[in-house]
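Worksheet for the structure shown next.
No value in this document is a laboratory result; all are computed from the given coordinates. Everything numeric in this text was worked out from a predicted model, so none of it was measured. Please note: Cβ atoms are built from the backbone with ideal geometry, for glycine as well, and neighbour counts cover all protein chains shown.
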Amino acid sequence: MLIGRIQLSILLVIIFKSSFAAASDTESIADTDTVIIDTDNIDTDNDLADLNSDNYEEFETVVESQSPPGTYLENNRAVTKVSKEQIDFRQPRSAPDALRFEPGAFVQQSAHSQGSVYTRGLTGQQTLLLFDGIRLNNSTYRQGPNQYFFTLDSGTIDSIYIMRGGGSTSWGSDALGGVILTKPIEPVLNTDFAFNKFKVTPKLIIKMASQDHSGGFRLESNIAYKKLAFYGGAGLRTADELKSGGTIYGVDSGKEPLVPRFEKDGKTQKGTGFDEFTADGALVYRLSDNSNIKLAAYTYRQFNAPRTDRCPSAYAPYNECFTYDQQFRDLVYTAFTGEKFNSVADELRITLSWQRQHEEFTLDKPLALAFDNGINSVNTAGTSLKGSTRDLWLSSYFMVDMDYGIDTYFDVIDSHSYITLTDIGYHKELSRGQYLDGSTYLYGGLFLNGTVDIAKWIRLSAGGRFSWIGANADGDPESGSSPVNRTWTPFVYNASLTVATDKPVSLVVNYDKSFRAPNLDDLTSRQQTGPGFQFENAGLKPENADTYEAGLKFSGIFNLELWGFITKISDAIVRSPREADECPPDTPSCNASWNRFQLENADDLTIVKGVEAFLFTDISENISSRATVSWTYGEGPNTADPPSDPSAAFNERIPLSRVPPLNGTVELLWKNKTGLSAGTALRWAAPQTRLALSDISDERIPKGGTPWFAVMDLRLSYRPNKNILTSLTFENIFDTAYRYHGSSVNGPGRGLMLTMSIDPVWQK
């Protein structure tokens, strides 16, 4: 099968190159990679020098399109960036995979077709995802890891910014652990003097990997004419079952986890593999020298993707499987961006968006001659206005500016569940789906941030947000589902002090008050999770987080950042164990589950604390290195009832679920003016034996805890000219068996990944 895909890829290359060969006599036109300097992100004189070099920096790029308000993160926070060059060189399998080498980020996978980023020990509904400044989080995001960041096509991504720590002032609900902002590749306007001519620059990208026999391609193009530019493309990918380095064993216990199950070779993991199709298009029209309007659409289609920990579940028959038959996401939006209107609206961005998250799933139970299936769709309408003022210099030593904005989003839920008995042809729709059908959720807010610079030595920042949130759902008496009619109007704020702003050594101290209102997943959903069956609580209160952090930044012959933080969450929404007789009515999955949980607010503080370090340095003119290390510790109150025997052991405070262990990365890069680059990368994690109650019952986590690992990759990239880029990764060269803590799948075993990018022959 892989040989067939290679032959198909070679054929596509030949067709692509020959199709444009006739255009080789076309006059030379400007390179589509032309960029402008984002001066807000240039920290040192060395960065400016790099812009005049023939080399580009693979690890830390400093050239990119100017970022309008609402599409960048605060520079006084713990923020790192993954650039397009890094994505091309590292060859991540997905958008979450692109963040594996960032400090404070830890990627968990419930399936080969899913990925969720833990940011400072929090994920899912406690970490906010943004695409081009538009919220991806909706009211059905789960407490634990979810699959939705995976639905961003890495081929359309220009860069990913990850901010660790609370961010609700600028971004609203859910940003307790951090904010992940993805910027798409933008259309490039024609910079030639001959504006009456079309400028077309297509590109073909081919990707293959041996560990899952995956293969795919993307065909894209930028088209520019006068004041109009279009960028878009479409791609296909198919992946088979993933081959790992083998099974892993629990710390001290020596026991194998019950998921995933393996083929006879002991390495190929059952319940992996998927197919996907992506398409996108963005059209930009230049209204004036200072403003433009964009219309964009992105679609993602994933098919036949098993959830590995339930294909089959632990203790389930070998042929039972839960599969996402369809995992779709659509996003359509228009954005107006302008600058230099007046002192109050020096930069302005207004967006109108519509999103649809849709999934269909089937739990096939052949031995029971039955299957369950369901449909969940979330339609979201959103709008936002974000702007910033002109820098106001009150004196040569005193400067003031402000960011402001208003945003609101509205969700409508479509949810249905069915049961089918195949032997008698019986099919019935249940009284409710995973969520209550017709539920709605409104969330939005108004914010203002202000910054004062004093003599380039002191920077003071502060801001606040007033939000409005409403949840509504009709009850369902047959299943004992309570109606929901809740509203919240929280106010949150932050403050920051930076000392020696533009000096080689600077100190940053931040305080952030963030919140997360209960969403429809908390208030209405019933679902089988890794630890067991989880059901709703319509009376939950919002979570509130106070984050205190301090960072030291060093710049010069090396760049180093050291961060320490502590986050205190009050009224944290946690899982509390329940007995079978406490299950809601007409919910057989709850009664049949090994473990049952209901959501409730913790009655004491939940605390997450840790330390992060990031180092980047040029060892020589051609060699660069990058290293990260992160340690996170989380604990909260024990929500289980104390044992009746007072002499029995009972801990008042216990570890938080699936908090990542001590972990880190090291990357080494050599590059040459001939276009050849080579490097090596190491990922490692210490064992994690601090387990929550739900972790102990979670068959994805080996008994006793997840063992340590160290995985090394070799990378090679060659760009002989602007027309061709070839990247090759020899992954997991020692064929290590490993698993990121909390995942259902082991990481890929030894294998090769290949990416080829081919531009047309006329592109100089």
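For the reader, a short list of remarks on this structure follows.
- Reachable lysines from Lys226, criterion Cα separation under 16 angstrom, eight or more residues apart if same chain: Lys197, Lys199, Lys294
- Shown in residue order for the range 280-289 are the 3J(HN,Hα) couplings computed by the Karplus curve 6.51 cos²θ - 1.76 cosθ + 1.60 at θ = phi - 60°: 7, x, 9, 10, 10, 10, 7, 6, 7, 5 Hz (x for Gly and Pro).
- The range 121-240: C-alpha gyration tensor shape, a/c 1.5 cut-off, then a/b vs b/c: oblate
- By the rule of a C-alpha distance below 17 Å, with chain neighbours fewer than 8 residues away ignored, the aspartates and glutamates paired with Lys264 are Asp212, Asp240, Glu241, Glu256.
- One quarter of the surface of the convex hull around the alpha-carbon atoms of the range 562-652 equals 10.8 nm², the direction-averaged projected area.
- Sites Asp289 and Thr334, calculated FRET efficiency, Cβ-Cβ separation with R0 22 Å, nearest 0.05: 0.60
- Rel. contact order, % - alpha carbon contacts under 8 angstrom, at least six apart, the chain: 13
- Computed over the range 661-764, the convex hull of the alpha-carbon atoms projects to a mean area of 8.4 nm².
- FRET efficiency for the pair Asp581 and Ser253, taken as 1/(1 + (r/R0)^6) with r the Cβ-Cβ distance and R0 = 35 Å, rounds to 0.65.
- Lysine pair number, Cα distance threshold 28 Å (strictly under), the range 372-522, separation 8 or more or different chains: 4
- Of the labelled figures [x] 31; [y] 46; [z] 9, only one reflects percent of Cα pairs over 53 Å apart as derived from the coordinates, namely [z].
- Zone residues, the range 454-476, relative to Val499, backbone N less than 13 Å from point 7 Å out along Cα-to-Cβ: 457-459
- Computed FRET value (nearest 0.05) for Ala592 with Met712, which takes r as the C-beta separation and R₀ as 51 Å: 0.70
- Restriction of the GluC sites (Glu not before Pro) in the range 344-395 to DSSP coil positions whose beta-carbon has at most 15 other beta-carbons within 10 angstrom yields no sites.
- Separation of the Tyr511 and Trp670 label points, Cα + 7 Å toward Cβ, nm: 5.1
- In a DSSP loop and with at most 13 other Cβ atoms within 10 Å, the GluC sites (Glu not before Pro) in the range 578-621 are Glu579, Glu621.
- Cα-based Rg / Dmax (Å) for the range 270-389: 21.9, 70
- Working from label points 7 Å from Cα in the Cα-to-Cβ sense, the Trp393 to Leu728 distance is 5.4 nm.
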